[in-house]
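What follows is a single structure, written as structure tokens, with notes after it.
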Amino acid sequence: MELLELTVTDVKQYVYCPRIVFFTYCLPLRRPVTYKMEEGKLQHERVEELEHRRSLRAYGLKEGERVFGVRLYSQRLGLSGYLDMAILTPAEVIPVEFKNSTGKPGLNHKYQLVAYALLCEEKWDKPVRRGFFYLIPSKRAHEVAITPNARRFVKKMLSEMREMILNEAMPTPTRHRGRCVECEYRRFCGDV
């Protein structure tokens, strides 16, 4: 049986608020593009341009090959994504996500990176033990360990999301109601 294909962005959104994934698949609406989304895209392009000229010192590496804009897909996981950058070394693959944020990445971003790690391992047949968020405003890399528990959690989430979508079962909203203020789907929740 073929799995319903999900994206790494779905993983990130599901941790942030599972209703975003529900609305995306069960009530396919035209998702509005916000100023933050547009600005983030422009910042990503600028960082990629600069990253070509930088050393790998921000990542604690002396050598490695950078690969930008990596399309990843796993039929086995039913998962796809578009990674900002991968660093290939003889011993490992290191996924890197660029974030236009001054704060420490949230749990949703951590699990996004773990999902990319699973895809990178399958693509390059090398271990992924860590990943990085490159925080654009501060020009700093934030390392995240890719643990066995985090891997299991992402796989469990993929299963939960598929069940939610196939049953069209609206999940409870996020407990962090402050997130609802800027959510593009807040007018559809009804109880938020």
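From the list Ile146, Ile136, which residue is of a type in the set (Val, Ile, Thr) and touching a residue at least 60 places away in the same chain (Cβ under 8 Å)? Answer to the check: Ile136. With respect to the conditions (1) outside any helix (DSSP H, G or I); (2) within 14 Å of Gln13 (Cα to Cα); (3) of a type outside the set (Gly, Ala, Ser), Tyr134 falls short on a single one, namely (2).
Of all residues in the stretch 87-103, one or more are of a type outside the set (Val, Ile, Thr), within 16 Å of Asp10 (Cβ to Cβ) and in contact (Cβ under 8 Å) with a residue 12 or more places away in the chain.
Of the set (1) more than 15 Å from the chain's Cα centre (by Cα); (2) among the small types (Gly, Ala, Ser); (3) buried (at least 20 other Cβ atoms within 10 Å of the Cβ), all apply to Ser138 but (3). Before we move on, is Gly60 modelled with pLDDT of 80 or more and farther than 30 Å from His176 by Cα? So Gly60 passes the test.
Considering only residues that are of a type in the set (A, V, I, L, M, F, W, C) and touching a Leu at 6+ places or on another chain (Cβ under 8 Å), look in the stretch 77-93 and name the one that is surrounded by the fewest Cβ atoms within 10 Å (Cβ to Cβ). In this case the residue turns out to be Leu77.
Just checking, does the stretch 83-97 include any residue being over 22 Å from Ser55 (Cβ atoms) and aliphatic (A, V, I, L, M)? Within the stretch 83-97 (the criterion being over 22 Å from Ser55 (Cβ atoms) and aliphatic (A, V, I, L, M)), the answer is no, since none of the residues qualifies. Among the numbered conditions (1) among the basic types (Lys, Arg); (2) surrounded by fewer than 13 Cβ atoms within 10 Å (Cβ to Cβ); (3) assigned to a helix (DSSP H, G or I), the only one that Arg175 does not meet is (3).
The values are calculated or read from the model by the stated rules, or taken from the named source; none is laboratory data. Note that the coordinates shown come from a computational prediction; the quantities given were computed from them, not determined experimentally. Note: ideal-geometry Cβ built from the backbone for every residue, glycine included; neighbour counts use all protein chains shown.
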